[in-house]
Amino acid sequence: MNFFKFFILILIVFTFNLSKADEIQLQNKITKNLRCLICQGQSVYDSDSEFAISLKLVVKNKIEKGLNEKQIYEFLTEKYGEWILYDPQLNKNTYFLWFLPLLIFLFGGAIIIKKLVIIKK
Amino acid sequence: MKNRIVYYLLVIFFIFVFVIFYRGLNNSNLYTPNTNIKIVPEFTSETLLKKKSVDSKDIFNKEDYYLLNIWASWCIPCKDEHPFLVNLGNSKRIEIIGLNYKDNLNNAEKFINELGNPYSTILLDRDGTKAIEWGAFGVPETFLIYKNKIIKRYIGPLNSNLVNEINNYIK
């Protein structure tokens, strides 16, 4: 019977861990998408600079406060500008960035079709 | 005929690329963020020396110029800029608020005792989260505030040119 109680206790402890694991996962997901502004070519997740450590803490606090991913990105872009996000948002400054690959793809497709038409003839 | 068109297109393309890269050479490679924080963020904070908690509304309450300086005793450039802050503080025309960033409190007190205290209040930021509310990168960093709005920010230590600029503002 004692063993059974012990088993239940362990089960409870592990469930607590799991509920926290979601938060940590979200925190990691967010910090991987944040540029460490004072490092070179590192994400906040990867960096151990003072700035990154604090930023991880801020993200953790915001998650605990109940903010979702998008709200946290909004908060940080308000403070640090778009540059802090690795994944740029779609707006008039980034239309070119987002649609250029598509344009190149269409252009390439057009060339291929043209070649095929010539070969068929 | 077709070869010629390709040739001209290539030349135009290379000129285009050259112009873009040549213009890029003159751009500063220091990134200063375009932040939208114009208004002083609200927070409560512990203070060094006086050992009490203060609210941001009680600090930036006058319709006047304030200077918020983020510093730490472990930061060498902060030592360099400190004499400028002491001078500015002595002139009594501007109130300087310190934000002590991730510091050992004993060391911070030593720093102030050795080099002088230009700050009217020294706020404490033990974990660096308050500096992020300000959109700061690290130490040293200075914000010029007028009527509860951030009008200028200086990333890195102040020097005589920047102090002159501040003096022009508060004249």
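FYI, it's all coordinate maths here, none of it is from the lab. Every value quoted in this text rests on a predicted model; they were computed, and no experiment measured them. Quick reminder, even Gly has a Cβ in these numbers, built from the backbone with ideal geometry, and neighbours come from all protein chains shown.
Numbers at a glance
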quantity: Furthest towards positive pole of dipole, B:Ile122, B:Pro140, B:Asn107, structure part region B:1-152, Cβ charges; calculated: B:Pro140
quantity: Using alpha-carbon coordinates, inclination of helix B:160-170 to the longest axis of chain B, degrees; calculated: 70 degrees
quantity: Folded to 0 to 90 degrees: helix B:2-26 orientation relative to chain B principal axis, Cα; calculated: 20 degrees
quantity: Antiparallel bridges, percent of DSSP beta bridges restricted to chain B (to nearest 5); calculated: 60 percent
quantity: Peptide-level mean, for A:74-84, of C-beta atoms on other protein chains within 10 Å; calculated: 4
quantity: Likely footprinting exposure, B:Arg126, B:Arg4, fewest C-beta neighbours within 10 Å first; calculated: B:Arg4, B:Arg126
quantity: Two-site label geometry, B:Asn3 and A:Asp22: point separation in nm, points 7 Å out along Cα→Cβ; calculated: 6.9 nm
quantity: Average other protein chain Cβ within 10 Å of Cβ, residues B:128-137; calculated: 5
quantity: For the protein assembly as shown, size of Cβ-based charge dipole, Lys and Arg +1, Asp and Glu -1, in debye; calculated: 1460 debye
quantity: Residue among A:Phe107, A:Trp83, A:Phe3 farthest towards the positive dipole end of the protein assembly as shown, charges placed on Cβ; calculated: A:Phe107
quantity: 222 nm mean residue ellipticity, helices alone, for chain B (DSSP H n ≥ 4; -39,500 (n - 2.57); rounded to 500); calculated: -13000 deg cm²/dmol
quantity: Gap separating the Cα centres of region A:89-121 and region A:7-62, nearest whole Å; calculated: 39 Å
quantity: Hits among lysines - C-alpha to C-alpha of B:Lys38 under 19 Å, sequence gap 8 or more where chains match; calculated: A:Lys79, B:Lys57, B:Lys62, B:Lys130, B:Lys147, B:Lys149, B:Lys152
quantity: Cα long-axis angle, helix A:2-32 against chain A (0 to 90 degrees, to the nearest 10); calculated: 30 degrees
